[in-house]
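Q: I am attaching a structure below and will ask some questions about it afterwards.
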Amino acid sequence: MALLNDPDIARHMPLAGDQFDEEATRKWVKGKDNQWEQNGYGPWAVHANEQFAGWCGFQKEEGEADFALVLRKRFWGLGRLIYLSAVGRGFDELGYESIVVTLPPSRRSSRVIERLGFHPDGEVEYWGERFLRFRLSRDAWLRFVRGKKATGSAA
């Protein structure tokens with residue numbers, strides 16, 4: 001509930017709506033859990049040093065695996081490592097040919113997304129809100145990972 005109500009997080013989640021009370025938070029979590037039941041994949045809770053750090057994973061949007069990563073501010077430095085692990089699972093274990101990321105225009109991180117191998121893939125609208133979509137293919141992911149191994153950087 002604290003994560004969903006954090007102003008630094010909420011401003012980038014336009015579909016989340018107003019403040020989350022316990023009931024709204026339970027409903028939100030149930031919706032995320034339903035992704036697993038309906039699609040065989042969904043978001044994971046992220047823990048670091050036995051503390052809840054946030055969540056990440058995939059949810060089905062218009063037939064595509066849409067990746068999201070939402071972390072509490074003090075864990076933002078772990079984002080790249082979590083991204084590498086989660087997206088690797090998407091391609092290796094879940095067998096995706098491509099994944100998408102949809103960001104509200106309030107996010108000024110398209111350069112970061114592109115450095116991770118994504119390319120712009122148009123715009124989409126969900127419940128009256130506009131989002132920028134970026135796509136990462138399996139081939140681009142493999143090139144990105146090979147480049148990391150070649151330079152010796154783990155993350």
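Q: Would you mind getting me the FRET efficiency between His47 and Ser106? Use the beta-carbon distance for r and R0 = 22 Å, nearest 0.05. If you can, show how the numbers build up before the last one.
A: Numbers: r = 27 Å, r/R0 = 1.25.
Efficiency at R0 = 22 Å is approximately 0.20.
Q: Give the relative contact order (percent, whole number) for region 27-155; include only Cα pairs under 8 Å separated by 6+ residues.
A: 15
Q: May I pose another question? Fully extended, how many nm does the chain gain between Phe144 and Lys30 (0.36 nm per residue separation, minus their Cα-Cα distance)?
A: On the way: separation 114, 0.36 × 114 = 41.04 nm, distance 3.39 nm.
Taking 0.36 nm per residue and subtracting the Cα distance, the gain is 37.6 nm.
Q: If you don't mind, another one. If r is the Cβ-Cβ distance from Glu23 to Arg130 and R0 is 30 Å, what FRET efficiency results, to the nearest 0.05?
A: Computed FRET efficiency for Glu23 and Arg130 comes out at 0.55.
None of the figures in this text is laboratory data; all of them are computed from the coordinates on show. Since this is a predicted model, take the numbers as computed values, not measurements. Neighbour counts are summed over all protein chains in view; Cβ atoms, including those assigned to glycine, are modelled from backbone coordinates with ideal geometry.
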